[in-house]
1. With the checklist (1) within 18 Å of F76 (Cα to Cα); (2) touching a Leu at 6+ places or on another chain (Cβ under 6 Å) in hand, flag the one item R95 doesn't pass.
2. Has segment 4-20 got at least one residue that is in contact with a strand residue (DSSP E or B) (Cβ under 9 Å, 6 or more places away or on another chain), assigned to a helix (DSSP H, G or I) and surrounded by 15 or more Cβ atoms within 10 Å (Cβ to Cβ)?
3. Looking at L107, L89, L100, which is the one that is modelled with pLDDT of 90 or more and among the hydrophobic types (A, V, I, L, M, F, W, C)?
4. Are any residues in segment 112-132 surrounded by fewer than 16 Cβ atoms within 10 Å (Cβ to Cβ) and at pLDDT 95 or above, and if so, which ones?
5. If you go through segment 148-167 one residue at a time, how many are surrounded by 12 or more Cβ atoms within 10 Å (Cβ to Cβ) and among the basic types (K, R)?
6. If you take the residues of segment 37-51 that are aliphatic (A, V, I, L, M) and not in a loop (DSSP other than H, G, I, E, B), which of them is nearest to V120 (Cα to Cα)?
7. Across segment 27-75, what is the number of residues that are modelled with pLDDT of 90 or more and either in contact with a strand residue (DSSP E or B) (Cβ under 6 Å, 6 or more places away or on another chain) or not acidic (D, E) (or both)?
8. What number goes with the only condition from (1) in contact with a Leu (Cβ under 9 Å, 6 or more places away or on another chain); (2) within 18 Å of L100 (Cα to Cα); (3) at pLDDT below 95 that G79 does not pass?
Amino acid sequence: MQPTRSPLEKILAEIDRALDQGFFYLAVATVLTLPDLCVSLISEDARSTGKRYIEWCDTNLGSEFVYVSGDDLWSFRCGVSHNGRFGDLKHDVGRVVFSLPFRGNRLIDCVINDAYIYSVEDFCRNFMAAVRKWYWSNEENPNLKQNIERMVQYRSEGLPPYIVGVPLLA
């Protein structure tokens, strides 16, 4: 039994809703930032770095992402966040292709020529499952307990002493 609801769940639920509504770019861009959030939560300086992101991916994504490394995912994340493309891909793949829902067909974690192909829904949901598993295995980490308070969250009753009694994203 999990004792409390993870503050990450609201973010993950929004990614799920984006997928359900067909906002696939939004879902992929957001899911690729999750390792940054995770490593920031457990680091002493509450910061992410490329090295930490890569290590998190290599440690936590396991068998769901056989054909890409943490380096590849870092490249995807940087490319989507800063350039509107899936990275410079100097690593294991030359192109990233996310298949969209189409008549129930799915391509999951495969490589064709030098293209990495994954169902957008499965990619995001498998990534989110890894984040959930990571959170529950780290919820007692003292840095996480300290840093979670500064994480952007929905705060239904406000954020004392700033604003009280109204819902906020803060």
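The values are calculated or read from the model by the stated rules, or taken from the named source; none is laboratory data. Nothing here was measured: the structure is a model prediction, and the numbers come from that model. We place every Cβ from the backbone using ideal geometry, glycine too, and count neighbours over all the protein chains shown.
1. Looking at each condition in turn, R95 falls short on (2).
2. No, the conditions are met nowhere in segment 4-20.
3. Values: L107 fails: modelled with pLDDT of 90 or more; L89 fails: modelled with pLDDT of 90 or more.
Matching residue, one of L107, L89, L100: L100.
4. Start the filter on segment 112-132 by keeping residues that are surrounded by fewer than 16 Cβ atoms within 10 Å (Cβ to Cβ), which leaves 112-115, 129, 132.
A129, R132, listed by residue number.
5. The number of residues fulfilling the criteria is 1.
6. Residue satisfying both the conditions and the ranking: L37.
7. The qualifying residues number 33.
8. Failed condition: (2).
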